[in-house]
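The values are calculated or read from the model by the stated rules, or taken from the named source; none is laboratory data. No experiment lies behind these values; they were computed from the predicted model shown. Cβ placement follows ideal geometry from the backbone for every residue including glycine, while neighbour counts extend to all protein chains displayed.
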């Protein structure tokens, strides 16, 4: 079966049939994203515990298949919702509330040492170059700034060529640099002036949490789980799809007019260290695979 991003969001019977023989003999299944947990629920029986998880809401890029999702809701033993919209969707299709938990993701690199020789000040963007992450909004915002510092964009995705063309069209070649994919973004983010996260949809931003863990101020958008991540002054929230608001927030952080509480942000981010997250899931897996295990408490 070839890989396709669409399978994350699509209830595809062909994928389910491809998956079926690969699930034989397993003790527990954790299926992440709609396409995976729907397919798994369709081709396995209730003797194998099934955990489902979802990062984002279901409606940002297409009309969700609510009816077929509801058909498999009873098959889900535990559902990890990584944001408010994911939780609301799970409830809508009939997954019982006592089977839904807050999803958590590990964030790697919070102890990274900054690379030497990087420009300072600088604005960072790290993430997929895809519509939900809205790197195009950031570039529009940079064009509205009076005197932007260097902007380093790390990541790859479907929007790469369009973003490069946008940079040229706006005359930002000396300011915005697309660096492609890196395995250790923490080393580049550490010591930055600000991390920009202009997402159109974002339940839990590992990019933002990495920056917070490194003591870098974060600007995010008022979508899904971002207000919780950046609450209590841990970061700055602006409206999505608003490059002017993003430009103003970036300029105010760079000038010192806005000062997110980076100490509180760093402390909050530490709960997502890999060891702590592994313990959360290990405990859930252990309980579900115990013979005759009772239903997990919420």
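Kindly indicate which of 117, 83, 109 is under 30 Å from residue 184 (Cβ atoms) and without any contact (Cβ under 8 Å) to a residue 12 or more places away in the chain.
Of 117, 83, 109, the one residue that is under 30 Å from residue 184 (Cβ atoms) and without any contact (Cβ under 8 Å) to a residue 12 or more places away in the chain is 117.
Go through region 228-261 and report how many residues are out of contact with any strand residue (DSSP E or B) (no Cβ under 9 Å at 6 or more places or on another chain) and surrounded by fewer than 19 Cβ atoms within 10 Å (Cβ to Cβ).
Matching residues across region 228-261 total 10.
What's the total number of residues in region 214-255 that are assigned to a loop (DSSP other than H, G, I, E, B) and farther than 25 Å from residue 147 by Cα?
Residues flagged as assigned to a loop (DSSP other than H, G, I, E, B) and farther than 25 Å from residue 147 by Cα within region 214-255 amount to 10.
Checking the condition over 30 Å from residue 267 (Cα atoms) and buried (at least 19 other Cβ atoms within 10 Å of the Cβ), which residue from 176, 153, 107 passes?
When all the criteria are applied, what remains is 176.
Among the numbered criteria (1) under 20 Å from residue 149 (Cα atoms); (2) in contact with a helix residue (DSSP H, G or I) (Cβ under 6 Å, 6 or more places away or on another chain); (3) surrounded by fewer than 24 Cβ atoms within 10 Å (Cβ to Cβ), which one does residue 211 miss?
(3)
Would you tally the residues in region 92-131 being farther than 27 Å from residue 274 by Cβ and out of contact with any strand residue (DSSP E or B) (no Cβ under 7 Å at 6 or more places or on another chain)?
Adding up the residues that qualify gives 11.
Looking at region 152-167, is at least one residue free of Cβ contacts under 8 Å to residues at least 40 places away in the same chain, closer than 23 Å to residue 225 by Cα, in the same structural domain as residue 218 (by TED's automatic domain parsing) and out of contact with any strand residue (DSSP E or B) (no Cβ under 8 Å at 6 or more places or on another chain)?
Checked against the condition, which is being free of Cβ contacts under 8 Å to residues at least 40 places away in the same chain, closer than 23 Å to residue 225 by Cα, in the same structural domain as residue 218 (by TED's automatic domain parsing) and out of contact with any strand residue (DSSP E or B) (no Cβ under 8 Å at 6 or more places or on another chain), region 152-167 yields at least one hit.
Would you check if residue 213 is more than 12 Å from the chain's Cα centre (by Cα) and at positive phi?
So residue 213 fails the test.
Restricted to region 75-88, and to residues that are surrounded by fewer than 24 Cβ atoms within 10 Å (Cβ to Cβ) and modelled with pLDDT under 95, which residue is farthest from the chain's Cα centre (by Cα)?
My answer is 88.
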